[in-house]
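Here's the structure we're looking at; comments come further down.
The values are calculated or read from the model by the stated rules, or taken from the named source; none is laboratory data. A quick note: this is a predicted structure, and the numbers were derived from the prediction, not measured. FYI the Cβ positions are ideal-geometry reconstructions off the backbone, even for glycines, and counts take in every protein chain you see. Calculation scope for accessible area: heavy atoms of the full protein, side chains included, ligands and nucleic acids excluded. Shrake-Rupley method; radii C 1.70, N 1.55, O 1.52, S 1.80 Å.
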Amino acid sequence: MNFIKGNLKKILFQGENGYFVGLFKIKEASLDNSELINQTITFTGYFHELNEIDTYIFYGKFIFHQKYGEQYQVDSYERCKKEDKESIIEFLTSGLFKGIGEKKAQKIVDVLGKDTLKIILENPDNLLLIPTITKKQVDILHDTLIDYENSYETIILLTDMGFSTKESMTIYNKYKIKTKTIIEDNLYQLTYDLPDLGFKKIDTIATSKNYNKDDPRRIQAAIIYVMNEICNLIGHSYLLIDEIYRNALKVLNIEISEENFINNMNALILSNMVVKEEEKYYLFDMYEAEEFVAKRIKLLLGMKNQEINDLDYNIEELEHNTNIKYNSEQLEAIKLSQLKNFLVITGGPGTGKTTIIKAIVNLYRMINKLSAKDLIEQVVMLAPTGRASKRISESTLLPAYTIHRFLKWNKETNKFAINEYNKSNAKLVIIDEASMVDIYLFYSLLKGIKSDTKIILVGDYFQLPSVGPGQLLKDIIESETVPLIKLNYLYRQKEGSNIINLAYDVNNGNINDEIFNKQQDLIFEEGSNSDVINSIKEICQKHKKDSYKDFQVLVPMYKTLNGIDNLNKIIQEIFNPKSNNKKEYNYGDVTYRENDKILQLTNMPEENIFNGDIGIIDSINKKEIIVDFDGNLVRYTPSNLNKFKHGYAISIHKSQGSEFKTVVIPVVSDYGKMLYRKLYYTAITRSKKKLYIVGDMKALKYASNNINADIRRTTLKDRLIKKIKVGA
């Protein structure tokens, strides 16, 4: 096995999650690394603790980092026992044991010998044989050494059970000295407290440790897992007992009676992990989120409206300064934004939502006589995606953030630094693309701002709901309990936009064939499943010289002949064909090439990139791919290459919050259940200047009339009505 043995020389970086980068001097090594003896190398890895006193054995391999050069990537490690007196004296004087200096350490080792540490652990009173040592120092030595040994032994125990070093660190950092007790008492507790570890892995380890398959702890963990999976996959905020039971049986892979299942569900209800209302079953966090959101909105609506002198005069000044004449709908929205404490502004594409956001911010600055610095501190503009936040920032010339970034999300702990204990001082929060915000994220945002902070939601009621659970914007609007402005006047229609007309036709379930091919902004190319690829290839050839930001193919699904995965391979050969001048990297069945367009799939706030961002591969070497996101160079190693995909064709869901000058949308019968109204409405509204639709007109009309895929079971609407209209 490949290993190096030696001592830590210096810590270069230490993360909260136990990730270390440091310098290590090698004393011994496997044959593969024998030439490195007495050399100091850079290492990376996850560790419970590291110090310069202990000797360690690292197991892993050397990798090459573009910026930092060669590094030893540690997969697992061992701490060597201290077997000589000098090492024990050095350890006792390391600072770990308060009040023990070199002279006292020397006396301890002289009396107790090479088994000093073992003797202290087993019978600490032997230390009282040493002159000048006190009972208090004996207790400190004993207790500190127990903690030191137990923590390391716990990590080793967890890795022996089957958890990786990183997973073991995560578990230990969560429970500390309680770790052994918890995993001995109920290993399935980890599925509740650390869901990212995954139910299936914990279940595999638990069943290998003699947990019965019908153990109540296993059944209850499976119920919570199933409820989380369904809610996150479909978007429901509550489930029905039959679907939970049916899916839990699949996960458990055993037969359990309905009575047994109900007993376990009742146990979860008694422990406040599940909430039952009538026949609805909620995860506690989901129930709490809906309740909190409804209560906060009620609180804001109950607060006194702002009183502003000369509001109309200030709006006239704003119109004069910006040379914009607002229509009646926009004027009403702008006025209410200053007067109300909670406001929703909704409208389709081309109705001027971004223009209104800019007006709201400028008017707020004028009325409150704010400096640029004060404005940035008091007004926060947010969006669910990086691209959407950039668009607001470019329009208003002011900072805008993703909600995760504003709340200072820590991806390792999945917690927000801005929270109920550390609130933002913002006085006005504007959230664009609010249809994309899920109930959990909005709940977290409300906890991170003060209870009297004004909130304005801006979004398109008809667009796709959030990827996560709930349908926040839809429920709030349909409750008819909040101040609401609907924007109907189409500015882009006035400019002759057939794209906007098509979007509204799709949304009304009434597509007129004559709208296509009248002008160059809206083209329909008829073709069968097998014809679509050739049509897309021809269109791509026409737009080869377009900026990667301007041209985009949007597709409903990843698989099938006309799915994202296959189309990306085909389009890559048009926009970025193989060349001797471009380096390549093979990852599974995908070949990445320098100058490739890529799509970010996850949030990486530490790199200032977010889910949905689009970049270009700047360079490739044997160990790394470097991607350019508008001048921000981000490095990906083999361990995180799954965080992006080719971006020539992307999913419609990933395109939310983005706009492109030219969009291509295939529509074929093979897409099956992905043919539904909100999906294609959202895709069409991503196009600003030119839209190609390629495929089957019957499939497009079917999608336009199919609203079944939109149905989510949520109760925020009901809670708002009950609390605000009924007063309960």
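Quick rundown of the values:
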{"item": "Residues of region 293-309 satisfying the condition of being under 13 Å from residue 453 (Cβ atoms) and part of a helix (DSSP H, G or I)", "result": "296, 297, 299, 300"}
{"item": "Every residue from region 123-141 that is part of a helix (DSSP H, G or I) and either open to solvent by 40 Å² or more (accessible area, probe 1.4 Å) or hydrophobic (A, V, I, L, M, F, W, C) (or both)", "result": "125, 126, 127, 128, 129, 135, 136, 138, 139, 140, 141"}
{"item": "Matching residues, region 399-415, being open to solvent by less than 40 Å² (accessible area, probe 1.4 Å) and in a strand (DSSP E or B)", "result": "400, 402"}
{"item": "Restricting region 576-595 to residues that are in contact with a strand residue (DSSP E or B) (Cβ under 7 Å, 6 or more places away or on another chain) and aromatic (Phe, Trp, Tyr), the residue that is modelled with the lowest pLDDT", "result": "585"}
{"item": "Enumerated helices (runs of 4 or more DSSP H) restricted to region 156-207, each holding at least 3 residues that are farther than 14 Å from residue 225 by Cα and out of contact with any Gly (no Cβ under 9 Å at 6 or more places or on another chain)", "result": "165-175, 179-185"}
{"item": "Hits in region 418-437 (condition: modelled with pLDDT under 95 and more than 18 Å from residue 455 (Cβ to Cβ))", "result": "none"}
{"item": "Top-ranked residue of region 325-360 - restricted to ones that are polar (S, T, N, Q) and more than 27 Å from the chain's Cα centre (by Cα), ranked as farthest from residue 463 (Cα to Cα)", "result": "338"}
{"item": "Enumeration of residues in region 429-467 that are part of a loop (DSSP other than H, G, I, E, B), surrounded by 21 or more Cβ atoms within 10 Å (Cβ to Cβ) and of a type in the set (Phe, Trp, Tyr)", "result": "462"}
{"item": "Within region 8-24, considering residues that are part of a strand (DSSP E or B) and buried (at least 18 other Cβ atoms within 10 Å of the Cβ), the one nearest to the chain's Cα centre (by Cα)", "result": "20"}
{"item": "Residue in region 377-393 that is more than 26 Å from residue 339 (Cα to Cα) and not in a helix (DSSP H, G or I) present", "result": "yes"}
{"item": "Qualifying residue in region 157-165 (condition: at pLDDT 85 or above, within 20 Å of residue 77 (Cβ to Cβ), open to solvent by 20 Å² or more (accessible area, probe 1.4 Å) and of a type in the set (A, V, I, L, M))", "result": "yes"}
{"item": "Unmet requirement for residue 133, which otherwise passes all of (1) of a type in the set (A, V, I, L, M); (2) modelled with pLDDT of 80 or more; (3) farther than 30 Å from residue 625 by Cβ; (4) in contact with a Lys or Arg (Cβ under 6 Å, 6 or more places away or on another chain)", "result": "(4)"}
{"item": "Tally, over region 106-118, of residues that are under 50 Å from the mean Cα position of the chain (by Cα) and buried (at least 16 other Cβ atoms within 10 Å of the Cβ)", "result": "2"}
{"item": "Within region 557-578, tally of residues that are touching a Pro at 6+ places or on another chain (Cβ under 9 Å) and open to solvent by 10 Å² or more (accessible area, probe 1.4 Å)", "result": "0"}
{"item": "Helices (runs of 4 or more DSSP H) wholly inside region 626-728 containing at least 1 residues that are touching a helix residue (DSSP H, G or I) at 6+ places or on another chain (Cβ under 7 Å) and more than 27 Å from residue 387 (Cβ to Cβ)", "result": "697-705, 716-720"}
{"item": "Identity of the residue in region 564-614, basic (Lys, Arg) and part of a strand (DSSP E or B), that ends up farthest from residue 406 (Cα to Cα)", "result": "593"}
{"item": "In region 468-493, residue farthest from residue 440 (Cα to Cα) [restricted to those that are among the hydrophobic types (A, V, I, L, M, F, W, C) and assigned to a helix (DSSP H, G or I)]", "result": "477"}
{"item": "Condition broken by residue 66, with the remaining ones in (1) touching an Asp or Glu at 6+ places or on another chain (Cβ under 7 Å); (2) modelled with pLDDT under 80; (3) over 30 Å from residue 624 (Cβ atoms) satisfied", "result": "(3)"}
{"item": "Top-ranked residue of region 474-510 - restricted to ones that are loosely packed, with under 15 Cβ neighbours inside 10 Å and within 12 Å of residue 521 (Cβ to Cβ), ranked as modelled with the lowest pLDDT", "result": "495"}
{"item": "Enumeration of residues in region 416-428 that are exposed (fewer than 14 other Cβ atoms within 10 Å of the Cβ) and in a strand (DSSP E or B)", "result": "422"}
{"item": "Scope region 629-660; condition closer than 11 Å to residue 587 by Cβ and buried (at least 19 other Cβ atoms within 10 Å of the Cβ); matching residues", "result": "636, 644, 645, 646"}
{"item": "Residue 453 without any contact (Cβ under 8 Å) to a residue 40 or more places away in the chain, polar (S, T, N, Q) and touching a Lys or Arg at 6+ places or on another chain (Cβ under 8 Å)", "result": "yes"}
{"item": "Filter result for residue 693 (of a type in the set (Val, Ile, Thr), crowded, with 18+ Cβ neighbours inside 10 Å, within 28 Å of residue 649 (Cβ to Cβ) and at pLDDT 90 or above)", "result": "yes"}
{"item": "Residue selected from region 596-613 under the condition at pLDDT 90 or above and of a type outside the set (A, V, I, L, M), by the criterion surrounded by the most Cβ atoms within 10 Å (Cβ to Cβ)", "result": "596"}
{"item": "Cross-chain or 6+ apart pairs with Cβ under 6 Å, region 544-561 first and in contact (Cβ under 8 Å) with a residue 12 or more places away in the chain and within 19 Å of residue 391 (Cβ to Cβ), then of a type in the set (A, V, I, L, M) and open to solvent by 50 Å² or more (accessible area, probe 1.4 Å)", "result": "none"}
{"item": "Count of residues meeting criterion [open to solvent by 30 Å² or more (accessible area, probe 1.4 Å) and within 18 Å of residue 170 (Cβ to Cβ)] in region 25-48", "result": "2"}
{"item": "Subset of region 237-262 (residues that are open to solvent by 40 Å² or more (accessible area, probe 1.4 Å) and among the hydroxyl-bearing types (Ser, Thr, Tyr))", "result": "245, 257"}
